[in-house]
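Here is the structure we will look at, set down as C-alpha cells.
The values are calculated or read from the model by the stated rules, or taken from the named source; none is laboratory data. Keep in mind it's a predicted model, so treat the numbers as computed, not measured. Glycine gets a Cβ as well: all are built from the backbone with ideal geometry, and neighbour counts include every protein chain shown.
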Amino acid sequence: MPARGWIPDALRLRRSRPRPLPAARLDDVRAVIVDDDAARDPGEHRARCYGTLAAIMDEAVILQDLTEALLVDIRAREPLAELAPRGGRLAGRFVALRERLPETGDPDVERYAELLRTVFDHHTLMISSSLDLLAVDWRSERMAEQLDQIHGLGRPAEWLDAARLELMAERSAARQRAAGAVGASVPGR
C-alpha cells in the first residue's frame, strides 16, 4: 500500500517553464490613445463635457437636498436603523457621481471637476461621520454635543450651488455665441 499523500505520476500536473520573449518583440509594442472628438472640434468636446457636468450637478443638488434632510433627522436622533440605509444610498450616489466626472485636458472642465470631487468627498464624509456620531452619542456628553452642532453641509453645498449657476450661465453664453456665429455665416444677413 502506498504511503499517505502519495500521488501517482499519471495524476501529477506538469507545468511547462515560461519561455522568455525575445527582446526584439518587446521593442515594437506601442499604445496610442487618440480622442478623435477633442481633436476634431475642441469647442464641441468642451460642450459635451459641460453637458455631462451639468447633468452631474443637477443630480448632486437633488442629493444634497436629501442629505440636508438626513442630517436634520440625525440631529433629531431618529433611529439609526432607519437613517443608515438612507445615508448609505446617498453616500454611494455621491461616490458614483464622482466617478462619472469627465477627465480631460481642458482647464475649465478640470476646474469644475476638481471642485465637484472636493464637494462629493465632503458630503460623503459628512454623511458617514454624522451617522457614526449618532451610533455612539450615548457614550459621552461630548459626542452628543458634536451631534447637536450638525447644521447642514456648510460651505461646500454653497460651492456646488454657485458652480452650477456659473456653468448654466457659461453654457447659455456659449449657445448664444454659436447661434450668432451661425446667423452671421448665413448669406443675406
Which listed residue, of GLU110, GLU99, GLU158, is free of Cβ contacts under 8 Å to residues at least 40 places away in the same chain, among the charged types (D, E, K, R) and more than 19 Å from ALA55 (Cβ to Cβ): GLU158
Evaluation of LEU134 against (1) surrounded by 15 or more Cβ atoms within 10 Å (Cβ to Cβ); (2) within 23 Å of the chain's Cα centre (by Cα); (3) part of a helix (DSSP H, G or I) (one fails), failing number: (2)
Test: residue in the stretch 80-100 that is charged (D, E, K, R) and modelled with pLDDT under 95: no
The stretch 137-152: number of residues that are within 13 Å of MET126 (Cβ to Cβ) and either surrounded by 11 or more Cβ atoms within 10 Å (Cβ to Cβ) or touching a strand residue (DSSP E or B) at 6+ places or on another chain (Cβ under 8 Å) (or both): 4
Members of the stretch 53-76 that are more than 13 Å from MET126 (Cα to Cα), surrounded by 14 or more Cβ atoms within 10 Å (Cβ to Cβ) and among the charged types (D, E, K, R): GLU59, ASP73
So ARG77, is it in a helix (DSSP H, G or I) and basic (Lys, Arg): no
Residues of the stretch 95-131 classified as under 16 Å from TRP159 (Cβ atoms), among the hydrophobic types (A, V, I, L, M, F, W, C) and in a helix (DSSP H, G or I), total: 8
